[in-house]
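Each value in this text was obtained by applying a stated rule to the coordinates, not by laboratory testing. Every value quoted in this text rests on a predicted model; they were computed, and no experiment measured them. Heads up, the Cβs are rebuilt from the backbone with ideal geometry, glycines too, and the neighbour counts pull from every protein chain shown.
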Amino acid sequence: MISEKPVVQELVALMLAHGVTRAVLCPGSRNSPIVATLCNLPEMECRNVIDERSAGFVALGWAQQVQAPVAVVVTSGSAVLNLHPAVSEAYYRKTPLLIISADRPAAWIGQNDGQTLPQPGVFNTLVRFSAQVPEDDAWYANRLINEALLELRHRSGGPVHLNIPLTEPFFGMIDEELPPVRVIQRTEAARMNADEEEALLEEAAALPRRLILLGQQDAPSPMIAKLAAEKQFTVVGEHIANAPFADCCRPDTLLGANPDASWSPDLLITCGGDMISKRLKKLLRTHPPKAHWHISPDGKVVDSFCSLTRVLEGDADEFWDLLDAFAEEGDEEYRKRWQKAPSLLPAHEWSGMKIVGELLANLPEGCVLHLGNSSAVRYAQLFPLPSRVHKVLCNRGVNGIEGSLSTAAGYAMAEPDRLHYLIIGDLSMFYDMNGLLQAQHCPNLRILLLNNQEGGIFGTLPGMPECPAIRAPHAESIFMWCNSLAFELEQPAHGKGWATALKKLISPGSKPVLVEALTETEQDASILKEFYNKH
């Protein structure tokens, strides 16, 4: 018999999968679904202790003797506070205690409801991991429980805390087995033995549609290019991945609005940071791969596509070296699918997208391209990037629009012998006006400002409400503001003056250049709509 509550089933199934088979149980009603389920499983060895303070130390001694994790389960309220002394000892002794506290729903904390106090994070810095596990979000609950259980023995190990709010009724039990659950594993390069290496290669060999997806990074390992050339892996990486060798650098020009499962890999390997394409994210979340490995230098769990099965902790090259010995060719038809010629945007006279594409096509040898967030980085993704571009940069850590100009200026100042180009939108520019005071001292900086006099990206999103406050319309131009600064200025509009402005952007000069192109959101929106309706 097990609890009918899915979150309890998920918790206990993952405990068993991660080898947590010992538990100290304390009395209570709020934690009764967890306690009853653990007691009814023959795989679990359970001990009952009435006093929570004593229970914590019993679990501590037990874990030290067996050299393995032990769980301690308590009810809501002051019960969890009594574990503090044992948790602090476990933290400094690096003993793997799994603290599971049941809780009232958050809405009832501080509302004169019985046995309530703020339990999330109650152990503060004395646990290696702490999380509030939702009762009604299966993917999120699975990820958090996996993270906690992985952290019990990660590196030096130590205590972790899972706080689980449970709603009434508590006592429903069903005569069923625990359901299958997704188990996230962690493989550490520094500790990987020959058997683990062989197991990884065997898993990859059994999954012929293999996709390496590169997130934002300055310079991917040359080993990835070698893997791609030897046809073992399909490689996809947007411009910010700086991987010109990739089979596909512009996924949005290949994937339709609702890409089907034929695009999804059997094995997905990810490394690096952010990815821009919403269509690619939709594909992998709607049609998840059978296995997803993420290379994470610090071992952090990053489950961007809700399908992570293994964290590969360590320097990426250690794993690429391992896969270099891999002899199994991938699915060639699958790879050819990603190598198809991208679709082209409809022909048009004048738009923000048009001039972005033309600037990219004419960028000079060895330059660095900086992209503002929102429309600028997305427009750039629709066009080929010449291999002569040295590097592509963008503030994609949190994707904020602020600071793009200042960041580009700071980078250009530190690299005065190389030309730097920034494509930026009007709201981003106005947000970072003070950056102009620094940028004017960078003769190697060229700025293309797309001014459609509003947050243009919001005009291209289907279903966006017609609310002016969302798009922040304005009637401002930066042109007059810059007259007192040391820029060469151009202001093309409706196609007039663009040829002159483009020539100034790509030509050598002793002064920084700022081109303010006056465009309209409706032009870009209609082009995108036509493109995606056909595609």
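Quick look at the numbers
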quantity: Considering only the range 2-174, percent of DSSP beta bridges that pair antiparallel, nearest 5; calculated: 10 percent
quantity: Set of the range 219-236 residues, backbone N closer than 19 Å to the point 7 Å along the Cα-Cβ line of Lys336; calculated: 228-236
quantity: DSSP H segments from the chain that extend 15 Å or more along their own axis, Cα-based, with Kyte-Doolittle mean of 0.5 or above; calculated: 6-17, 404-414
quantity: q = 0.08, 0.12, 0.13, 0.17 Å⁻¹, the range 2-174: log10 I(q)/I(0) [Debye, one scatterer per Cα]; calculated: -0.20, -0.46, -0.54, -0.98
quantity: Cβ-derived FRET efficiency at R0 45 Å, Lys300 paired with Ala107, nearest 0.05; calculated: 0.90
quantity: Residues Met44, Met275 arranged by fewest to most Cβ contacts within 10 Å; calculated: Met44, Met275
quantity: Label-point gap, in nm, between Val398 and Ser477 - each point 7 angstrom along Cα→Cβ; calculated: 3.5 nm
quantity: Of the trypsin sites (Lys or Arg not before Pro) in the range 282-349, those whose Cβ has at most 15 other Cβ within 10 Å and which sit in DSSP loop; calculated: Lys290, Lys300, Lys340
quantity: Selection from Leu382, Met173, Ile478 lying farthest towards where the dipole of the chain points positive, charges on Cβ; calculated: Ile478
quantity: Global form of the range 185-338, assessed from the alpha-carbon gyration tensor, a/c cut-off 1.5; calculated: rounded
quantity: Cα centroid of the range 373-446 to Cα centroid of the range 324-372, whole Å; calculated: 19 Å
quantity: Separation of the Phe430 and Glu530 label points, Cα + 7 Å toward Cβ, nm; calculated: 2.9 nm
quantity: The chain: antiparallel DSSP beta bridges as a percent of all, rounded to 5; calculated: 5 percent
quantity: Reported label for calculated Rg and Dmax of the Cα atoms in Å given (1) 23.9, 74; (2) 22.8, 70; (3) 27.7, 82; calculated: (3)
quantity: Inter-label distance, nm, simple model (7 Å from Cα along the C-beta direction), Lys94/Lys281; calculated: 3.8 nm
quantity: Residue order, fewest to most beta carbons within 10 Å, for His154, His390, His420, His348; calculated: His348, His390, His154, His420
